[in-house]
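Report on the structure given below.
Bear in mind these aren't lab numbers, they're just calculated from the coordinates by the rules spelled out. Computed from a prediction, not measured in an experiment: that's the story for all the values here. Every residue, glycine as well, gets a Cβ built from its backbone with ideal geometry; the counts of neighbours run over all protein chains shown.
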Amino acid sequence: MSRLENLRTRLRERELEGVLISNGENRRYLSDFTGSSGVLVIGIEEAFLVTDFRYWEQAALESKGFEIFKQGPQLWASIRELLQKLNWERIGFEAGTLTVEEFQKLEDGINPKVSLTPVTDLVEQLRRVKEAREVELIARAAAITDIAWEKAVARIGPGVKERDLALEFDYQLRLNGAEGNAFPTIVAFGPRAALPHAAPGGKEIRNGDFVLLDGGALYEGYCADMTRTVVFGKADPEQRRIYELVLKAQLEALEYIRAGLTGREIDCKAREVISQAGYGENFGHGLGHSVGLHIHENPRLSPHESGPIPQGAVVTVEPGIYLPNWGGVRIEDLVVVEEKGIHNLTGSPKDRLLEL
Ligand SMILES: [Mn+2]
């Protein structure tokens, strides 16, 4: 069934005559439109893309099956005008995306018989299971990420600052085919590796520092996500011990994952390894998250995810241990969840703590 037909099934279930899709990733998922502005107006029979002059030609090329509704000077006034013609009474809008201001502009002057209904997860539910084509694009983004990591690591040397390494990695992503970053690259040296989401700064590398890099390519709208931790110079036994513990937790989780297990069960598999070694308090985030058009999607691998992880989900597996004023280790791969196991899309080496 097509994505649009799947959506329409959900509209019928919720007794909606139509829905307004304003979330950019959902818009792209349903219509293939890559522009940065526009709203989909989708009914049981109809499908419109409301967008402005800049995109009329592009939208007609990209969004087959959608009628282009030419937006006037005011987007929400144009949408009201279209809705007036369609004469729907029960219309959904995306509660997680539409701002209060946009809602007010939409509602102001709308036919009083129309009821506007907030909907959540309408399209996101469909996006949980990736199609083969989507997996291919994510795999490509992951492969570019591997290359960028390999090239960036080769440039680490005396005098290098966190932001230099981040810039080199970003440059290599673009050079190797990425359209951009899936998210701003995280680089942390030494004790700063204890901050799970450190913004790269002016810190210069020192002998014996951990080097943690978390980044990913964006390729045809799809994200990759990977973290590697290495040491500049010689690793001490404590660094090696923590690294091996995190690696063990990750490998056990990777070995365990298959479709149908809950996000909680998978998270627990890795968390047990770390907790039993006495570092439970130092692994303060979930084991992983889904990745697709957006970098953080559902379902998650976390203690809060009670639902089963479906076949075709693409998730990160990223245990970490963070020790304040000392440093931290995170190892993150991106994998496709399959019936009997996983397909790992990340190829960068991790089997031992790399010393540069
Ligand atoms: Mn991640």
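With 10 angstrom as the radius, rank Met226, Met1 by how many other C-beta atoms surround their C-beta, starting from the fewest.
Numbers: Met226 27, Met1 8.
Lowest to highest Cβ neighbour count: Met1, Met226.
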For this session: Enumerate the calculated ³J(HN,Hα) couplings along segment 198-207 in order (Karplus 6.51 cos²θ - 1.76 cosθ + 1.60, θ = phi - 60°), each rounded to whole Hz, writing x wherever the residue is Gly or Pro.
Result: 6, 7, x, x, x, 5, 8, 5, 10, 4
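For the pairs Lys234/Lys269; Lys130/Lys151; Lys248/Lys350, flag any whose C-alpha to C-alpha distance is greater than 20 Å.
Lys234/Lys269; Lys130/Lys151
Where in the chain are the helices, taken as whole DSSP H runs, whose Cα atoms extend 15 angstrom or more along the long axis and whose Kyte-Doolittle mean reaches at least 0.0? Walk me through the numbers before you get to the answer.
Details: long enough: 3-13 (16 Å, -1.62); 75-86 (17 Å, 0.37); 132-153 (31 Å, 0.45); 162-175 (20 Å, -0.57); 237-256 (28 Å, -0.53); 263-276 (20 Å, -0.76).
Helices meeting the criterion: 75-86, 132-153.
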Exercise. Could you put Ser63, Ser78 in order, starting from the residue whose Cβ has the fewest other Cβ atoms within 10 Å?
Worked result: Ser78, Ser63
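Counting other C-beta atoms within 10 Å, and keeping those with at most 14, which DSSP coil chymotrypsin sites (Phe, Trp or Tyr not before Pro) do you find in segment 1-99?
Answer by residue number: there is no such site.
Take the chain, mark every one of the trypsin sites (Lys or Arg not before Pro) that falls in a DSSP loop and has at most 16 other Cβ within 10 Å, then report the longest stretch left between them, sites excluded.
On the way: sites that count: Arg14, Lys64, Lys113, Arg155, Arg206, Lys234, Arg258, Lys340, Arg352.
Longest site-free region, per DSSP loop and neighbour criteria: 259-339.
Hey, got a sec? Which GluC sites (Glu not before Pro) in segment 132-216 land in a DSSP loop and have at most 16 other Cβ atoms within 10 Å? Spell out each step's value before the answer.
Values: sites: Glu134, Glu136, Glu150, Glu162, Glu168, Glu179, Glu204; in loops: Glu179.
Those that pass, being in a loop and sparsely packed, are Glu179.
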For this session: Would you mind checking which residues have amide H under 5 Å from His289's amide H? H placed 1.01 Å from N; only 5 or more apart, or other chain.
Result: Leu301, Thr316
Problem set entry | Cut-off under 5 Å, modelled amide H: who pairs with Thr117 long-range | Ile91, Gly92, Phe93
For this session: Could you work out how far the C-alpha centroid of segment 249-300 sits from that of segment 77-123, in angstrom?
Result: 38
For this session: Scan segment 272-356 for GluC sites (Glu not before Pro) in coil per DSSP, keeping those whose Cβ has at most 15 other Cβ atoms within 10 Å, and list them by number.
Result: Glu338, Glu339
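Between rounded, prolate and oblate, where does segment 3-127 land on the alpha carbon gyration tensor, with a ≥ b ≥ c its root eigenvalues, rounded for a/c under 1.5, else prolate if a/b exceeds b/c? Don't skip to the end; give the middle numbers.
Values: a/c = 1.45, a/b = 1.07, b/c = 1.36.
The shape class here is rounded.
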Exercise. Using the Cα gyration tensor of the chain, with a ≥ b ≥ c the square roots of its eigenvalues, what is the shape: rounded (a/c below 1.5), prolate (a/b larger than b/c) or oblate (neither)?
Worked result: prolate
Exercise. Can you list the residues, at least 5 places off or on another chain, whose amide H is less than 5 Å from the amide H of Phe69, using H built in the peptide plane?
Worked result: Leu49, Val50, Thr51
Exercise. Along the Cα-to-Cβ line of Arg258, 7 Å from the Cα, sits a label point; which residues in segment 321-351 have backbone N less than 11 Å from it?
Worked result: 338-342
